[in-house]
C-alpha cells in the first residue's frame with residue numbers, strides 16, 4: 001500500500017525560477033534520502049498563486065517522513081505552507 005505526503009503552498013508574489021531552484025537543490029535531495037520514497041510531483045496553479053507538492057512513498061511512516069522534509073526546516077524565502085497531510089493512495093494508473 002502506498003501513501004502520499006501532500007503540501008499546499010502560497011506562491012503569491014513568489015518567483016517561479018527561484019522556486020524551481022529550491023525544489024531541485026534543497027527539497028528533492030531530502031525527499032530522495034527518505035527510505036521508501038518512490039516519486040514526487042510539484043504543481044503550480046495557472047494563475048501562479050498556489051502550489052501543491054506530493055511525494056509518494058511505500059508506507060505511511062515513510063510518507064510522514066517526507067511530509068516532515070517538506071514542512072520542517074524550510075529555507076528562508078520558501079513559500080508558506082498553508083496545508084499539509086498524509087493520504088492513502090487508493091488508485092494509481
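Scanning segment 47-58 for residues that are in a loop (DSSP other than H, G, I, E, B) and either in contact (Cβ under 8 Å) with a residue 40 or more places away in the chain or in contact with a strand residue (DSSP E or B) (Cβ under 9 Å, 6 or more places away or on another chain) (or both) turns up 49, 58. Suppose we filter segment 47-85 for residues that are more than 18 Å from residue 21 (Cβ to Cβ), surrounded by fewer than 16 Cβ atoms within 10 Å (Cβ to Cβ) and in contact with a helix residue (DSSP H, G or I) (Cβ under 9 Å, 6 or more places away or on another chain); how many remain? Going through segment 47-85 one residue at a time, the tally reaches 2. Taking the condition of being within 21 Å of residue 15 (Cβ to Cβ) and part of a strand (DSSP E or B), how many residues in segment 59-90 meet it? So the answer is 3.
Across segment 12-46, the qualifying residues are those that are in contact with a helix residue (DSSP H, G or I) (Cβ under 7 Å, 6 or more places away or on another chain) and in a loop (DSSP other than H, G, I, E, B), and the one among them that is surrounded by the most Cβ atoms within 10 Å (Cβ to Cβ) is 34.
Taken together, the values in this text are just the output of simple stated rules run on the coordinates, not laboratory data. Since the structure is predicted, the reported quantities are computational estimates derived from the model, not experimental observations. As a convention, Cβ positions derive from the backbone with ideal geometry for all residues, glycine included, and neighbour counts pool all protein chains shown.
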